[in-house]
Structure formats: C-alpha cells, structure tokens
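Let me begin by presenting the structure, written as structure tokens, before commenting on it.
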Amino acid sequence: MSIPSEPIGSLPRTSDVLNAMSGGDSTALAKAVDVAVRESVEALEAAGSPVVTDGEQAKASAWTYPLDGADNLTPDGVVIPYADGHQRQLPALAKGPFRYRTHAEQYLRTAQKHAKVPVKQAVAAPSALSLLYPASGIAGYSREQFVADLLDEAEKDIRGCLDAGAHCVQLDFEEARLSLKLDPSGGVLGDFVELNNKVLARFTEAERARIGVHTSPGGDQDSTHSLDVDYAELLPHLFRLTAGNFYLQLTSEPDPDRVLRTVAEQLRPGIRVFVGVTDPNDPRVETAEEVRDRVLSAARHIPVDQLGTCDDTGFAPYADDRSTSRQVALAKIRARIEGTALAAAQLAV
C-alpha cells in the first residue's frame with residue numbers, strides 16, 4: 001500500500017479478559033490476555049492491516065496503565081466529563097516519588113510474539129500523567145520534582161518500546177482538546193505541549209521519526225469529551241510538537257475540509273499526517289468507497305507522500321467500554337484498509 005494505514009490502538013476486550021479482570025486472579029488474567037493479544041493480532045492481519053497493535057487487551061485504561069500496582073494513589077483525581085453525561089475520573093498522586101509500575105514495552109513484546117507484520121505501541125503522553133499531581137501539592141514532594149521524575153519515566157517508557165523494535169511509538173494526547181474546554185485561554189494546552197516536547201527533545205531526529213502523537217475529542221461509550229471545541233484552535237499548538245507522525249481524528253468533524261485546510265497551513269517537511277477515516281463512536285460500518293472518498297479529499301490538502309490514514313480514535317480506551325463489538329471494530333478497520341488502497345490506486349501512487 002502506497003498510503004500507509006495504521007490502527008490507533010485499542011480493540012474491545014475479549015469476554016475472557018473482562019471476566020478475568022473482574023475476577024482478581026492475576027494468573028488467569030495473564031493467560032486470557034495472551035490469548036486475546038494473539039487473537040487481536042491475527043484478526044488485524046487477516047483484515048489486511050500492514051501494522052498491528054496488541055489491541056490494548058491488558059490495559060484497564062489507556063490513560064493509567066503505568067499506575068497498575070501503584071500504592072501511592074487516591075481515587076479523587078481529575079474528572080473527565082463526556083457529552084452523554086457519564087464521567088471518568090483519574091486517580092491522584094498521594095505521595096512521591098512518581099514511578100511507572102508498568103511499562104508499555106511488555107505489551108509490545110507480547111504482541112511481537114504473535115505478529116508477522118510490524119507492531120506499533122501506544123503510550124500515555126506525559127501531559128496526561130501530569131494531571132495526577134494534586135493542585136494542593138504534596139508535602140515533601142514538589143511539583144518540580146514530580147515533573148522531573150515524570151519526564152524520566154516517560155522517556156524510559158518510549159525508549160524501551162523503540163529499543164524493542166516498535167514500528168512506531170504513539171503518544172496518546174487526547175487531553176489536548178479537552179484542555180481547551182477546561183481553559184479556553186490555551187495556557188494549559190501550552191504547558192502540555194511544552195512538557196511533551198521536553199520528552200521528545202531527549203530523542204534523536206531519527207528516533208522522533210518513529211514517534212507519533214494522536215489527538216481526538218475522546219471516545220468512550222460512543223461519546224466524546226470535547227468535540228464541541230474548535231479543532232482549529234488546537235492544531236497550531238499540536239504541530240509545535242517535534243514528533244514525526246500525527247494521528248488526527250477527522251471523520252466525526254462537522255466540516256472536515258476546514259480542518260484539512262488548517263492542517264495544510266501547519267504542515268512542515270518531514271512529518272506524516274494520518275487522518276481519521278472511520279469513526280469508532282458511530283456504530284455504522286463505513287464502506288470502502290466512503291473511506292476512499294475521504295482519503296481523496298485529504299489528498300487535496302496534504303501531499304500524498306506525507307499522508308496516511310487511521311481510525312479517529314481507539315475502539316475501547318477503557319476496558320469496560322462494550323459500546324462497540326470486536327466484529328464491528330474489525331469491519332471498520334477492514335473498510336479503512338480497503339478504502340485507503342482504492343484511493344492510492346486512483347491517485348496512482
């Protein structure tokens with residue numbers, strides 16, 4: 001395929017994984033996850049995916065996997081409100097030091113055992129994890145020390161995946177658009193971008209070419225947390241990030257061409273922009289022809305050699321999100337891959 005196409009990350013968890021997660025038996029969970037990862041990789045390959053993920057089968061949450069097993073947290077952290085009225089809540093750090101208890105490299109290596117094609121790995125952006133530090137502070141553990149520890153841990157997480165042979169490491173930056181809803185001045189977003197760039201600066205240009213950033217207005221139980229925020233206000237900040245790849249939600253936008261024009265204004269040499277061509281929050285499965293037309297529209301704004309396709313977001317960033325079946329998710333992925341190929345053929349690239 002001349003136009004690359006990649007999944008964002010999560011697939012709905014298998015029933016065995018969900019049962020094992022609720023059962024509290026770590027041995028049973030490990031066995032269920034290994035089977036689910038194999039099934040996810042094989043299903044993605046069968047759909048024709050040139051790059052696969054582990055489907056995030058072992059993650060209870062794409063935001064908080066580094067905290068699995070941590071004993072220095074309280075449950076009363078930042079609340080994330082969704083448009084349909086439901087909420088998610090992050091934990092809060094109760095005491096230092098901040099350390100990752102789980103690193104994404106282990107998910108990558110599990111998928112690599114089963115994959116016949118390259119494997120990408122999604123990781124939590126340090127900006128998301130910065131929300132764990134409470135506004136009231138922590139006695140004996142300053143925010144400055146927390147940020148220093150966070151940067152070290154985030155670098156270790158990314159570098160471990162790169163060194164293990166990840167096709168790409170994708171920073172999930174869903175909090176970007178949400179931050180503009182919480183702080184329309186853009187101050188919080190600017191801080192997020194600066195923090196993420198401090199981590200990216202620790203990698204070489206060649207390494208950053210294998211690092212990407214994904215942004216969307218969220219996707220949980222077929223709802224979003226910030227679709228009502230003007231995308232055009234986010235994109236100039238987003239493209240200040242020094243990553244080599246950008247994965248952008250687009251299908252669910254009311255005016256995709258307007259977004260693409262803004263992207264074209266921010267485009268710089270040496271990066272690739274993967275545009276969303278399927279919407280995981282929409283239960284209807286797109287046709288390959290619809291995807292083709294979306295790719296062709298994007299190609300009017302983005303040079304084909306800098307263009308890729310993806311899904312708008314993951315299909316189940318939280319393990320308990322059963323709003324989309326695995327069957328529907330894989331059908332959408334198949335449509336993305338086939339539609340991208342149709343567009344590439346029509347563009348004769």
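All of the numbers you see were taken from the coordinates with simple rules; none came from a lab. Keep in mind the model is a prediction, meaning the values are calculated, not measured. Neighbour counts run over all protein chains shown; Cβ positions are idealised from the backbone, glycine included.
Most tightly packed first, judged by the mean number of other beta-carbon atoms within 10 Å of their residues, the peptides 318-328, 191-201 read 191-201, 318-328.
When 239, 98 are sorted by how many other C-beta atoms sit within 10 angstrom of their C-beta, beginning with the fewest, the order is 239, 98. Using a simple spin-label model with pseudo-atoms 7 Å out from Cα toward Cβ, residue 191 and residue 285 lie 4.5 nm apart. Classification of segment 1-77 by its C-alpha gyration tensor yields an oblate form. The axis ratio a/c (a ≥ b ≥ c) is 1.5 or more, and b/c is at least a/b. Counting only complete DSSP H runs, which helices of the chain cover 30 Å or more along their long axis at the Cα atoms and score a mean Kyte-Doolittle of -0.5 or above? Those that pass (Cα extent of 30 Å or more, hydropathy at least -0.5) are 326-347. Estimated purely from DSSP H runs of n ≥ 4, each contributing -39500 (n - 2.57), the mean residue ellipticity at 222 nm for the chain is -13000 deg cm²/dmol once divided by its residues.
For residue 76 and residue 204, the difference between the fully extended length at 0.36 nm per residue and the C-alpha to C-alpha distance is 42.3 nm. For segment 1-70 and segment 88-153, what is the separation of their Cα centres, given in Å? Rounded to whole Å, the Cα centres lie 18 Å apart.
For residue 213, the residues 5 or more places off, or on other chains, whose built amide H falls under 5 Å of its own are 171, 245, 246, 247. For a modelled paramagnetic label at residue 306, 7 Å from Cα along Cα-to-Cβ, the residues of segment 1-22 in reach, with backbone nitrogen under 16 Å, are 4.
Derived scalar couplings between HN and Hα for segment 133-141 equal 6, x, 4, 7, x, 10, 4, x, 9 Hz in order, rounded to whole Hz, by the Karplus curve 6.51 cos²θ - 1.76 cosθ + 1.60 (θ = phi - 60°), x for Gly and Pro. Under 5 Å from the amide H of residue 88 lie the amide H atoms of 80, 82, each residue being 5 or more positions distant or on a separate chain, with H modelled from the backbone and absent for Pro and chain starts. Kirkwood radius, the chain, all distinct C-alpha pairs, inverse of mean reciprocal distance: 20.2 Å. Around the amide H of residue 314, modelled in the peptide plane, lie the amide H atoms of 10, all under 5 Å away and 5 or more residues distant in sequence or on another chain. With contacts taken as Cα pairs under 8 Å and at least 6 residues apart, the chain reaches a relative contact order of 22 percent. Within the listed set 248, 131, 238, the residue fluctuating most in the Gaussian network model of the chain (springs between alpha-carbon atoms under 10 angstrom) is 131. Annotation: extensible slack from residue 346 through residue 182 equals 54.8 nm (criterion: 0.36 nm per residue apart, minus Cα-Cα distance).
Approximating the spin labels as points 7 Å out from Cα along Cα→Cβ, the residue 144-to-residue 257 distance works out to 5.2 nm.
Taking a sphere under 15 Å around the Cβ of residue 72 and counting the other residues whose Cβ falls inside, with K and R at +1 and D and E at -1, yields a net charge of -2. Given the convex hull over the Cα atoms of segment 73-154, what projected area results after averaging over all orientations, in nm²? Projected area, direction-averaged: 7.4 nm².
Excluding same-chain neighbours fewer than eight residues apart, the lysines reachable from residue 113 by a Cα-Cα span under 21 Å are 31, 59.
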